[in-house]
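*Asks:* Quick one: structure below, then a few questions.
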Amino acid sequence: ATNGITYFSQSSSSSSLPSYIEVKDSGAIITYTANSRSGTVSTKGFEFRFFTLFNEVECPPYALPLRNTVGSFGELRGHGHGVRYGSKCMWQFHTSQMIHTYLRSLRLGKNDKLTFFKGNEENSTQVLRTYTSEDNAEYIQPFVSDVSDVLMVLDTEAREFNANSTISFDGDYQSGVCRGRVVLPDVTGEFSDGSDVSRSVNSNYNCEWLIEPVAPAGQKVTGILVVFDRLATSTYYSSYLEVNVYEGTTTSSPRLFNRRGPAGLPDYLEGDGPSLLVRLNGNSVSGTTSSSGFSLRYYALYDGVECPPYALPLRSSTGSFNELRGLGNRVKLGSTCRWHIVSSVPVTLFISDFVVGLEDELLVFDGDTENSTKLIVSHDRSEKHIGPVRSLSNTDMFIVFKKSLYSYETGFHAIYHSRSCSGGVVVDARNGTLTDGSVQGQSFPKRTSCTFLIQPINATWVKTRFLKFATYSYYSYSVTISVYNGPSSSSPLLYSRSSTSSQLPPVLEGTSGSLFVVISSSSYTGNAAGFELVYWSDGIKSAEQPLPNMFTTTTLTTLTTTTSTTTTTT
C-alpha cells in the first residue's frame with residue numbers, strides 16, 4: 001500500500017496463485033524485481049486484475065478467489081466504502097481439501113441472503129447452505145463442505161444506499177491447515193482441525209476452538225461432553241502435533257485432556273462449566289502419521305437437556321462413568337442415555353449407588369447395540385449394587401439407562417474392567433464370580449491398585465475359592481494379592497502373596513460376612529498376573545446373571561463347610 005504496509009510477497013520459485021488481496025488504502029504499489037533468471041520455469045512474470053472500492057460501487061463482475069489452505073474474508077463494505085445494494089458479490093474457494101468455514105458478526109437485511117454452492121457456478125440443485133437474517137449472530141456454527149471447490153454468493157435487496165447500514169459479515173476458513181481462534185456458539189455440533197482423513201499436513205500449528213454454547217432462555221450450560229471420532233497426534237524427534245482440551249476459555253484453565261504422540265481414540269470427555277477450549281499446536285510436523293489432526297462432536301448439558309442421540313464411547317481398558325445428572329444439570333424426563341464399552345476382550349461391569357425412580361430401567365447388552373442379547377434388565381428400587389455383569393459371546397458391552405416421566409433424583413456410578421482394573425467395587429449377591437479383568441498371557445498393568453469388597457446382604461459368613469491366583473516378583477517389582485477377613489484392609493489378613501507363583505490358596509472364609517480382596521502392582525510388571533474366584537454365602541440376594549456351570553458340577557461338591565461332627569455340601 002502507499003502507506004508502506006506489505007500485503008503480499010512471493011520470491012521463491014513458485015507458480016501457485018494466491019487468494020485475492022484487499023488493500024486497505026487509496027492506492028497500491030506493485031514491485032517486480034529479478035536478477036539472472038536463467039533456469040527459471042517456462043512461464044515467468046505475472047498478470048492480474050484490480051478493482052477500486054468506493055461508496056455505492058457495484059461488486060466485481062467475477063468471483064474473488066480464495067486459494068490458500070487457510071485465510072480470512074468478508075463483505076466489501078469495510079475500509080470506508082459501501083457496496084451498492086442489489087449488487088451481487090461472489091467468492092470462489094478453490095483448495096486441495098474439504099473446506100471449513102467460520103462466519104462471525106453476520107448482519108443481513110430481511111431479504112438478503114448468503115449462499116454456498118458446490119462447484120463454481122450458481123446452481124439451485126447444488127446449494128450447500130443458505131444464511132438469512134434469521135441466522136444473524138455474533139458467531140455462527142462452522143459450515144463444512146465435502147468438496148474443495150465452493151462458490152459463495154451474497155445477494156442484497158436493492159434499496160436506498162445507507163453508509164451506516166449494518167449489513168456485514170466476516171469469516172475464516174480452513175482447508176488442510178488451521179490458524180487462530182474460532183468460537184462455536186451452538187449447544188451441539190462437530191468440527192475438525194480442517195484436515196481430510198488420511199492426508200498428511202506439514203505446518204507450524206497454533207489453533208484454538210472455543211466451545212461456548214448459548215443455552216435456551218432461562219437455562220445455563222453447566223457441562224460439555226466431547227467425543228473424538230478422529231485423533232492422530234505425533235512426535236518425531238523435536239517435531240510434534242499435540243491436542244489439549246481445557247475446562248475454560250484460556251490455556252490457563254484446568255486441563256481436561258492431553259495427547260501428544262500416536263495412540264488410540266480416548267473415552268468421551270465430560271467437562272465441568274459453560275465452556276471448553278480445544279487447542280492444536282505443533283511445529284514442523286514432517287514425518288507425522290498419514291492422518292493428522294482430529295475431528296470431534298460436542299454436546300452441552302443444562303437443566304432439561306435430553307441425553308445425546310448417540311452412545312458415549314468408553315475405549316480404555318478400565319474406567320468409570322455416571323449418569324448425566326451431575327455438574328448441575330438435570331436430564332429431561334423420558335430421555336434415554338447410552339454408553340458403549342469398546343473392548344477386544346470380555347468386559348466386567350460393576351454398578352453402585354444405584355437409585356431409580358418409578359418405571360426407570362437400566363439395561364446391559366452383550367454387544368455393541370441395543371439389538372444385542374440382554375444381559376440384565378434392572379428396575380428394582382431396592383437395589384444398591386448391581387454386578388458383576390460380564391459379557392459372554394461378545395467383547396463389547398452396551399448400557400442403556402431409560403428415565404421415565406416420573407423420576408427425578410435418579411442415578412448410578414459404574415466401573416468396568418477389561419484387560420485391567422481400577423478403583424474399588426462392591427458386590428452384594430449371596431454368590432457369584434469375580435475377576436480383576438486381566439487377560440491370560442498378558443502382563444498385569446503397572447502402577448495399578450484395585451479393591452473388591454464381597455459383602456452379601458445379611459450374610460453372617462462368606463467363602464471363596466480362587467480359580468486363578470497368579471502373583472509376580474522380580475527384584476523390587478511385584479504384583480501382590482491380599483485377602484482380608486472383613487470389609488477393609490484394616491481387617492485381619494487371611495492370605496497374601498507377592499512372590500512369583502500361580503499356586504492356588506485354600507478356601508478362605510470371612511467369618512463376619514465379608515471379604516476384602518486387594519491386587520496391586522509396582523512401577524513394572526513382566527509376567528501375567530491376576531485372579532479369578534467364586535464365592536458363596538448365607539446371604540439373601542441372588543446374582544444378576546446365571547452362575548457359571550462350575551456351581552452345578554460334581555467337582556464343586558468338594559467345597560464344604562466342615563464341623564467336628566458333620567460335613568455339609570455348599
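*Asks:* In 10 Å bins starting at 0, how do the alpha-carbon pair distances of the range 303-454 split up by percent?
*Replies:* Reading upward from the zero bin: 11, 41, 35, 11, 1.
*Asks:* Give, rounded to the nearest 20 debye, the magnitude of the charge dipole that the chain has about its Cα centre when Lys and Arg contribute +1 at Cβ and Asp and Glu contribute -1 at Cβ.
*Replies:* 1360
*Asks:* Over the chain, with every protein chain in place, what whole percent of the accessible area is carbon and sulfur at 1.4 Å, could you tell me? Each step should come with its number before you reach the end.
*Replies:* Values: 12900 of 27390 Å².
Solvent-exposed carbon and sulfur of the chain make up 47 percent of the total.
*Asks:* Still on this structure, please answer the following. Could you tell me which of F54, S87, Y20 has its Cα farthest along the dipole of the chain towards the positive end, charges placed at Cβ (Lys, Arg +1; Asp, Glu -1), taken about the Cα centre?
*Replies:* Most positive-ward Cα: Y20.
*Asks:* Calculated FRET efficiency, N322 and Y474, Cβ-Cβ r, R0 41 Å, to nearest 0.05? Working shown, then result.
*Replies:* Details: r = 38 Å, r/R0 = 0.93.
Using R0 = 41 Å, I get an efficiency of 0.60.
*Asks:* Can you say what percent of the DSSP beta bridges in the range 340-465, counting only those with both residues inside, are antiparallel? Round to 5. It would help to have the intermediate numbers written out before the result.
*Replies:* Details: 21 of 25 bridges.
Taking every DSSP beta bridge with both residues in the range 340-465, the antiparallel ones total about 85 percent.
*Asks:* Find how many whole Å separate the alpha carbon centroid of the range 441-459 from the alpha carbon centroid of the range 108-179.
*Replies:* 58
*Asks:* Let's test the formula: R0 of 56 Å, r as the Cβ-Cβ distance of T373 and D146. What FRET efficiency results, to the nearest 0.05?
*Replies:* Values: r = 37 Å, r/R0 = 0.66.
Once the sixth-power term is evaluated, E becomes 0.90.
*Asks:* Report the calculated FRET efficiency for A263 and N458 (r = Cβ-Cβ distance, R0 = 41 Å), to the nearest 0.05. Walk me through the intermediate numbers first.
*Replies:* Numbers: r = 46 Å, r/R0 = 1.13.
It comes to 0.35.
*Asks:* Another question about this same structure. When the dipole is taken about the Cα centre of the range 3-159, and only Lys, Arg (+1) and Asp, Glu (-1) are charged at their Cβ, what size is it in debye, to the nearest 20?
*Replies:* Working: 15 positive and 16 negative charges, 69 e Å.
About 340 debye.
*Asks:* Same structure again: What is the Cα radius of gyration of the chain over 2.2 N^0.38 Å, N being its residue count?
*Replies:* That ratio works out to 1.30.
*Asks:* OK, next. Want the number for E361 to E509: 0.36 nm per residue separation, take away the alpha-carbon distance, what's left? Show your work: numbers first, answer last.
*Replies:* Working: separation 148, 0.36 × 148 = 53.28 nm, distance 3.52 nm.
Extra length available between E361 and E509 comes to 49.8 nm.
*Asks:* Here's another thing I want to ask about it. Charges on Cβ only, +1 for Lys and Arg, -1 for Asp and Glu, centred on the Cα centroid of the chain; of H417, T156, V356, which one is farthest towards the dipole's positive end?
*Replies:* Going by the charge dipole, the pick is H417.
*Asks:* Let me ask another. Express the accessible area of the chain per residue in Å², computed with a 1.4 Å probe while the remaining protein chains stay in the model. Provide the component values of the computation, followed by the final result.
*Replies:* Details: 27390 Å² over 570 residues.
That works out to 48 Å² for each residue.
*Asks:* Of L184, S168, L114, which is farthest on the positive side of the dipole of the range 113-192, counting Cα position, with +1 on Lys and Arg Cβ, -1 on Asp and Glu Cβ, and the Cα centre as origin?
*Replies:* L184
*Asks:* Between S252 and T2, what is 0.36 nm times their sequence separation minus the Cα-Cα distance? Round to one decimal in nm.
*Replies:* Values: separation 250, 0.36 × 250 = 90.00 nm, distance 4.13 nm.
Taking 0.36 nm per residue and subtracting the Cα distance, the gain is 85.9 nm.
*Asks:* So which of K374/K446; K402/K463; K113/K332; K384/K463; K220/K384; K220/K402 end up more than 27 Å apart by C-alpha? The partial results should precede the final answer.
*Replies:* Numbers: K374/K446 34 Å; K402/K463 36 Å; K113/K332 36 Å; K384/K463 22 Å; K220/K384 32 Å; K220/K402 24 Å.
Those over the limit are K374/K446; K402/K463; K113/K332; K220/K384.
The values are calculated or read from the model by the stated rules, or taken from the named source; none is laboratory data. All of these numbers come straight from a predicted model, not from anything done at the bench. Methodologically, a virtual Cβ is constructed for each residue, glycine included, from the backbone with ideal geometry; neighbour enumeration extends over all protein chains shown. Side chains are part of the model used for accessible areas, which takes the heavy atoms of the whole protein and leaves out ligands, DNA and RNA. Shrake-Rupley method; radii C 1.70, N 1.55, O 1.52, S 1.80 Å.
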